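The structure appears below as structure tokens.
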Amino acid sequence: MVEKALQFDNRKNMFWIAAVCIGLSVCLYIYFITATVKNVVLQKQLSLEVGNLSEEVSVKEFSSIALKDAVTLQYAESLGFAEAQNKVFITPTSVSFVSSETPENPAI
């Protein structure tokens, strides 16, 4: 009789352990499905936003090109710009040096 009581108690505990495992699995399943749906929706929203921003950049690039093409030599001269007389170019083989010397901090 003691054996049967122990077996019944053991089955009861196994049932509750299985029920808790199933309940936990269902809760995790619901959580992960919800998280997946949220991420898919967020991805679609971000994709639309990237498309809109790309369109804005394209419009600004075209307006920049249009403004750049509107500047002509005659227009620049009318604004007071003149072509440089003494042009100096740096060759790729030359070495340049930038000094950190200032009037407040002379080199020693």
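The values are calculated or read from the model by the stated rules, or taken from the named source; none is laboratory data. Just so it is clear, the structure is predicted and the values come from calculations on it, not from any experiment. Note that we place each Cβ from the backbone using ideal geometry, even for glycine, and neighbour counts take in every protein chain shown.
Worth a mention:
- Exclusive hit being out of contact with any His (no Cβ under 6 Å at 6 or more places or on another chain) and at pLDDT 95 or above, set S25, S78: S25
- Scan of segment 61-93 for residues that are loosely packed, with under 10 Cβ neighbours inside 10 Å and of a type in the set (S, T, N, Q), ordered by number: T72, Q74, S78, Q85, N86, T91, T93
- Looking across A19, A5, one residue alone is in a helix (DSSP H, G or I), at pLDDT below 90 and aliphatic (A, V, I, L, M). It is A5.
- Residue match in segment 67-74 (condition: of a type in the set (D, E, K, R), assigned to a helix (DSSP H, G or I) and at pLDDT 95 or above): no
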